[in-house]
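Shown below is the structure under consideration.
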Amino acid sequence: MAMEDPDRKTEVVLLACGSFNPITNMHLRLFELAKDYFHETGKYKVIKGIISPVGDAYQKKGLISANHRVTMAKLATKNSDWVEVDDWESCQSEWLETLKVLRYHHQKLLSADVTNSLQHTVPITKLGRKRKQEPNRHEPVKKKNQSPVVKSVPQVKLLCGSDMLESFGVPNLWKLEDITEIVEKHGLVCISRAGNNVQKFIYESDILWRHKNNIHLVEEWITNDISSTKIRRALRRGQSIRYLVPDVVRAYIEKNRLYSPESEDRNAGVVLAPFQKHASDPKSSQALSN
C-alpha cells in the first residue's frame with residue numbers, strides 16, 4: 001500500500017466564535033473532536049485552531065468584559081501546541097457578524113501565503129562586505145522535471161456545537177446571505193451528541209441541504225454536558241467548578257471574583273445586537289427553512 005502524501009491533504013484551520021463566558025473544558029474538547037474527525041478521513045490536515053471571543057457590543061445577558069474572557073481563553077490554551085486565541089473580534093467597538101470574522105481570518109491566511117511565496121522567490125540581500133566568489137562554487141543543479149509543490153491556502157471552517165447550527169433557524173439572528181456564504185465558501189464542523197436532530201434540521205433547510213457536503217457532522221460519543229451557563233450558575237451559588245474548567249481559569253475566576261448575581265444581570269433587558277441589526281432586514285434567517 002502506497003504511503004499518503006501529506007502535501008496532498010487539504011489544510012484546515014478551525015475557527016470557534018462565541019461568548020466563552022467563561023471558556024470550559026467542553027470548548028476545548030470541540031477542537032480535539034473535530035481534529036480527530038478530519039484526520040481520520042485521511043483527506044485533511046488540521047494545522048491550527050482559533051478561539052475568537054465575541055466583543056462586549058454583543059450585549060448578551062450576563063456577558064462579562066471581553067478583557068477577562070480573552071485572558072481566560074489564553075490561560076486555557078497556554079499549553080496547547082495548535083489552539084490559540086485571537087482577540088481581533090473582541091477588540092472591535094461594534095458587534096461583528098460571524099461571517100466577517102471568518103472572512104478576516106481567511107484574508108489573514110491569504111496574506112501570509114503571499115508573504116511566504118515572496119520570501120521563497122525573492123533573494124534576500126544582506127548588507128555588509130561582499131564575499132569573494134570562490135572558483136569552484138556553483139549553485140546546486142535542479143533535477144529535471146522537478147517542480148515545486150504548490151500548496152493551496154488552508155480552508156477556514158467554522159467549528160460549532162449543534163445549538164449554533166440550529167440557531168440558523170431563529171428569526172433575525174442570522175442573515176440568510178451570511179448563512180449561505182458560510183456553508184458555501186467556508187464550511188461548518190458541527191459537534192453533535194448521538195441521537196441529536198441536526199441531520200433533520202439540515203434536511204428541512206434547502207440552503208443547508210444544498211451545501212450538506214460542506215457541513216461536517218461529528219458525533220460526540222463520550223457525552224459532555226458542560227456549558228458556560230451551568231458554570232456561571234454554580235459560581236453564583238458558591239459551588240465548585242473544579243474539573244469543569246481548566247485549573248488556571250478557575251484560579252483566575254476566584255482571584256478576580258468573577259460571575260456574581262450582579263454580573264449575571266449585566267445587559268438585562270437589552271436587545272441582543274444581532275436582533276437590533278437584523279430586525280428590519282428582510283434577508284434575515286426567518287426564510288431559512290423555506
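Over the stretch 239-283, give the accessible area per residue in Å² for a 1.4 Å probe, as an integer.
Averaged over the residues of the stretch 239-283, the accessible area is 66 Å².
A further question follows. I want the local charge near Ala251. Using Cβ-Cβ distances under 15 Å, sum +1 for each Lys or Arg and -1 for each Asp or Glu among the other residues.
+4
Which pairs break 27 Å Cα to Cα here: Lys108/Lys255; Lys61/Lys200; Lys35/Lys60; Lys60/Lys230; Lys74/Lys100; Lys230/Lys255?
Too far apart for the 27 Å limit: Lys108/Lys255; Lys61/Lys200; Lys35/Lys60.
If you don't mind, there's one more thing I want to ask. For every other residue with a beta carbon closer than 10 angstrom to the beta carbon of Ser192, add +1 if it is Lys or Arg and -1 if Asp or Glu, then tell me the sum.
Net of charged neighbours comes to -3.
Within the stretch 1-97, report the GluC sites (Glu not before Pro) that DSSP leaves as loop and that have at most 16 other Cβ atoms within 10 Å.
Glu4, Glu94
A follow-up question, please. In the stretch 1-72, with Lys and Arg counted as +1 and Asp and Glu as -1 at Cβ, which of these residues, Phe31, Ala66, Gly42, has the Cα nearest the positive end of the dipole, that is, farthest along it?
Result: Ala66, furthest along the dipole toward the positive end.
Quick one: net charge of Arg266's neighbours, Cβ under 10 Å, K/R +1, D/E -1?
-2
Could you please state how large a percent of the accessible area of the stretch 30-114 is carbon and sulfur, counting protein chains only and using a 1.4 Å probe?
Heavy-atom surface of the stretch 30-114 belonging to carbon and sulfur, 1.4 Å probe: 47 percent.
List residues of the stretch 159-174, by number, whose backbone nitrogen lies under 16 Å from a label position 7 Å along Cα→C-beta of Asn197.
Zone members listed by number: 162-171.
Looking at the stretch 172-280, which trypsin sites (Lys or Arg not before Pro) are DSSP coil and have at most 10 other C-beta atoms within 10 Å of their C-beta?
Arg237, Arg257
The values are calculated or read from the model by the stated rules, or taken from the named source; none is laboratory data. Since the structure is predicted, the reported quantities are computational estimates derived from the model, not experimental observations. Ideal geometry is used to build each Cβ from the backbone, glycine not excepted, and the neighbour counts take in all protein chains shown. Accessible surface areas use protein heavy atoms only, side chains included; no ligands, DNA or RNA. Shrake-Rupley method; radii C 1.70, N 1.55, O 1.52, S 1.80 Å.
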